[in-house]
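Step one of this worksheet: look at the structure below.
The values are calculated or read from the model by the stated rules, or taken from the named source; none is laboratory data. All values derive from a computational prediction rather than experimental measurement. Here Cβ is always computed from backbone atoms with ideal geometry, including for glycine, and neighbour counts include all displayed protein chains. We work out accessible area using only protein heavy atoms, side chains counted, and drop any ligands, DNA or RNA first. Shrake-Rupley method; radii C 1.70, N 1.55, O 1.52, S 1.80 Å.
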Amino acid sequence: MAERRAINKYYPPDWDPSQGSTNAYVGQHPLRDRARKLDEGILIVRFELPFSIWCGGCNGLLATGLRFNAEKKKAGSYYSTPIWSFRMKCRECSHWFEIRTYPKDSAYDVIDGARKKAEPEDLEDDNDELGEKIVDLSQVDESDKHSLLHELEVSEARKRRAIQAAERLSTLQVSYA
């Protein structure tokens, strides 16, 4: 039965093409059960979690890549890009939570019913929150220490030049204002 729905080759014996499509004849939407709330502006879609979250009801962890049948509706727009809201239930406790797209940063935001799990962006990279490299000098050879110190001096010089350029730019803006 399901294979007939997928390829849509079954025609009822009393149907003829003058009556319209077979969906209209049978009285159902082409999207079938996914469109049951379409009159409210909600479409049922398959949604995969883009990051791990903690459920607000049972405090359980829902991992990245977990798939849900979500209610998708338009929540607004950012310029001309629609902001979509995905509302779904936790598998453990049936608690509702909502995730929205955030087109400004090309990301998702947890809006209600859950919270995003705080994870480091890249575990293999030895960088701190400012993007600067963290090195333990006690574990580095003497020959490598010289190159690391040279890298540090170069990065400090770049920072000084950037600060000087910003100060010069601000003085130019004040003088022309």
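Couple of notes before you dig in:
- Selection count where residues are part of a helix (DSSP H, G or I), under 25 Å from Asn69 (Cα atoms) and modelled with pLDDT of 75 or more, scope segment 1-38: 4
- Leu43 meets each of the listed conditions (1) modelled with pLDDT of 90 or more; (2) open to solvent by less than 80 Å² (accessible area, probe 1.4 Å); (3) farther than 16 Å from Val110 by Cβ apart from (1).
- Tabulated pairs, segment 99-119, first under 13 Å from Ser85 (Cβ atoms) and outside any strand (DSSP E or B), second modelled with pLDDT of 90 or more and acidic (Asp, Glu), C-beta under 7 angstrom, 6+ apart or interchain: Gly113/Glu98
- A Cβ distance below 6 Å, combined with a sequence gap of six or more or placement on separate chains, defines the contacts here; from segment 73-91, residues that are farther than 22 Å from Trp54 by Cβ reach residues that are open to solvent by 90 Å² or more (accessible area, probe 1.4 Å) in the pairs Tyr78/Lys104; Pro82/Lys74.
- Asp105 being open to solvent by 80 Å² or more (accessible area, probe 1.4 Å), at pLDDT below 60 and over 26 Å from Asp33 (Cα atoms): no
For (1) modelled with pLDDT under 90; (2) surrounded by 15 or more Cβ atoms within 10 Å (Cβ to Cβ); (3) not in a strand (DSSP E or B), each residue gets a yes or a no:
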| site | (1), (2), (3) |
| --- | --- |
| Phe51 | no, yes, yes |
| Asn59 | yes, no, yes |
| Thr64 | no, no, yes |
| Glu71 | no, yes, no |
| Pro82 | no, no, no |
| Met88 | no, yes, no |
| Glu92 | yes, no, yes |
